[in-house]
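The values are calculated or read from the model by the stated rules, or taken from the named source; none is laboratory data. Note that the structure is predicted; figures quoted are calculated from it, not measured. Here the Cβ positions follow ideal geometry from the backbone for every residue, glycine too, while neighbour counts run over all protein chains shown. Heavy atoms of the whole protein, side chains included, go into the accessibility calculation; ligands, DNA and RNA do not. Shrake-Rupley method; radii C 1.70, N 1.55, O 1.52, S 1.80 Å.
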Amino acid sequence: MMRYNPPNIFRMVIMLRIGFMVLLWISVLWGVQEQRKVPILAYHRFGIEVTDSMTIKTSAFAEQLEWLKTNGYTVIPLETAAKYLHGDIKSIPAKSVVITVDDGHKSVYSDMAPLVKKYKIPVTLFIYPSAISNAKYAMTWDQLRELESTKLFHVESHTYWHPNFNHEKKKLSPEEYTKFVDKQLGGAKKKLEEKTGHEIKYLAWVFGIYDDNLLNEAKKAGYAMALTIDRRHASSKDTMMSQPRYLVVSKQDIKAFQRMVNGEEEKASQGKKEVIKY
């Protein structure tokens, strides 16, 4: 018959406590690992030569795409990144990156598209509909439809006519500004859906301008995610209405591009904003 041995109970209690502490630390470390991040890049114009700060050489873009391919990166659709950041999907390729382009300039069709087709990468186009088939610098609706037909390009919203919300807020009455914001957000979404025939779910903030009111209005307008240019990796810790992007401009060489994508720039300059001058 086994004798009751109190010291054994004490040892068991100690072991249980140690086990509990180990599980607690594992859960903490798992929480840290659970932060989901992905770099999102923002382009504007492409060309043989650099004509302004927002234009990058087509050859430089080709060099960037080749670097991504050579170094094992996967360009994923914005839709996939959004679902990952929101927690709707568990994982994405270890080296993932998203490519977006703002405004809808003709050079996307003439200069960028051939490289996108060559590398077979998904690209999101943030469009403001007032310019399409109207402005000399912009693509036409037919060109946008042609790009979307490749299944590589996808159109989303960049407001209705590319306003500066800060300037408009100063000069308009509160009532006028409310109507103005509704036109830029809800009106753009409706127009783009009519023209493309698909749901518009994502928005890029013009000039990177946003505030709490605009974030709320974007959500009310039906957007699932909105993007800034706050120069860090998009993260599950950020609100979905202000996910950051890296603005890619002509002054950045391939080493600067590498630092953006691999997160070195984010570590060096937290919270840095890019000032856009058109």
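Which is modelled with pLDDT of 95 or more, among the small types (G, A, S) and more than 24 Å from M225 (Cβ to Cβ), of A81, A113? Quick ask: steps written out before the conclusion?
On the way: A81 fails: more than 24 Å from M225 (Cβ to Cβ).
When all the criteria are applied, what remains is A113.
Being open to solvent by less than 10 Å² (accessible area, probe 1.4 Å), in a strand (DSSP E or B) and either modelled with pLDDT of 95 or more or within 28 Å of A94 (Cα to Cα) (or both) is a property that A218 lacks. Just one of the numbered conditions (1) in contact with a Gly (Cβ under 9 Å, 6 or more places away or on another chain); (2) more than 17 Å from I40 (Cβ to Cβ) is not true of R231: (2).
Output the number of residues of region 118-128 satisfying the condition of being touching an Asp or Glu at 6+ places or on another chain (Cβ under 9 Å) and assigned to a loop (DSSP other than H, G, I, E, B). Before the answer, list the steps.
So in region 118-128, the residues touching an Asp or Glu at 6+ places or on another chain (Cβ under 9 Å) come out as 119, 122, 124-128.
Now drop any that are not assigned to a loop (DSSP other than H, G, I, E, B), which leaves 122, 128.
Number satisfying all stated conditions: 2.
Looking across region 233-278, just one residue is in a helix (DSSP H, G or I), at pLDDT below 95 and more than 18 Å from K95 (Cβ to Cβ), and that is A268.
One residue stands out among those in region 226-266 that are of a type in the set (S, T, Y) and touching a residue at least 60 places away in the same chain (Cβ under 8 Å): the one that is surrounded by the most Cβ atoms within 10 Å (Cβ to Cβ), which is Y246. Scanning region 171-206 for residues that are of a type outside the set (K, R), part of a helix (DSSP H, G or I) and buried (at least 20 other Cβ atoms within 10 Å of the Cβ) gives V181, Q184, L185, G187, A188, L192, V206.
When region 142-165 is filtered for residues that are in a helix (DSSP H, G or I) and without any contact (Cβ under 8 Å) to a residue 40 or more places away in the chain, the ones remaining, listed by number, are D142, Q143, E146, L147, S149.
Take the conditions surrounded by fewer than 19 Cβ atoms within 10 Å (Cβ to Cβ), out of contact with any strand residue (DSSP E or B) (no Cβ under 8 Å at 6 or more places or on another chain) and either modelled with pLDDT under 95 or among the basic types (K, R) (or both) and apply them to W67. Does it pass? The answer is no for W67. Evaluation of E168 against the conditions (1) open to solvent by 70 Å² or more (accessible area, probe 1.4 Å); (2) assigned to a helix (DSSP H, G or I) shows that the sole unmet condition is (1).
Residue count for region 104-147 under the criterion of being among the small types (G, A, S), in contact with a helix residue (DSSP H, G or I) (Cβ under 8 Å, 6 or more places away or on another chain) and open to solvent by less than 10 Å² (accessible area, probe 1.4 Å): the result is 3. Residue pairs whose Cβ atoms lie under 9 Å apart, sitting 6 or more positions apart in sequence or on different chains, and linking a residue in region 71-94 that is among the acidic types (D, E) to a partner that is open to solvent by 40 Å² or more (accessible area, probe 1.4 Å), are E79/H154; E79/K201.
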